[in-house]
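Taking it in order: structure first as structure tokens, then the write-up.
Every number here is computed from the coordinates shown, using simple stated rules; none is lab data. Remember, it's a predicted structure, so these values are computed and weren't measured experimentally. Note: ideal-geometry Cβ built from the backbone for every residue, glycine included; neighbour counts use all protein chains shown.
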Amino acid sequence: MRTCASAAEHTRIDVVCALIERGGAVLVAKRSQRMSMPDRWEFPGGKIHSNEDPQSAIVREIAEELGCSIRVKRALATVHHEYPDLTVILVPFVCELADGEPVALEHDELRWATEAELLALEWTAADVPVLRNYLAERNASRP
């Protein structure tokens, strides 16, 4: 049985993700076999580079990962998630497409998902609280 990872083994990464909205649906991405946690769903995004602000990072990451450009509408609450050997600090942004159509350049699949479809997907653990926060905010703002 494995014990807790030592401080030397435990890494922290700062990442961003985009909840890209269109017509009541949100774009989600299925992780490829080349990625950790393959076949799990996530909101697309990636690592924040040193000396890069999170908003610039998400615009860059979406251009690299999906080949399109986005406009950031607002930030959601930052999520801290502990994996066994990794701490993920995840900064989510609600966005809209600015130009182009998303293409799965790194993922196995992209999908525009409604709220019911979002709830039925198998998510990466770090994305689950992002989804909960997003749906709570979205449902609170409905009349």
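Before moving on, here are some points about what is shown:
- Of Glu52, Glu61, Glu21, the one that fluctuates the most in a GNM where the chain has Cα springs shorter than 10 Å: Glu52
- Rounded to the nearest 10 degrees, the angle from helix 127-140 to the longest Cα principal axis of the chain is 40 degrees.
- For the chain, modelled as a GNM whose springs connect Cα atoms under 10 angstrom apart, the maximal fluctuation among His81, His49, His107 occurs at His49.
- Evaluated with a Cβ-only charge set (Lys, Arg +1; Asp, Glu -1), the chain carries a dipole of roughly 320 debye about its Cα centre, given to the nearest 20.
- The chain, relative contact order in percent, only Cα pairs under 8 angstrom and at least six apart counted: 30
- Candidates Ala116, Ala25, Ala63, ranked by Gaussian network fluctuation over the chain, Cα under 10 Å, top entry: Ala116
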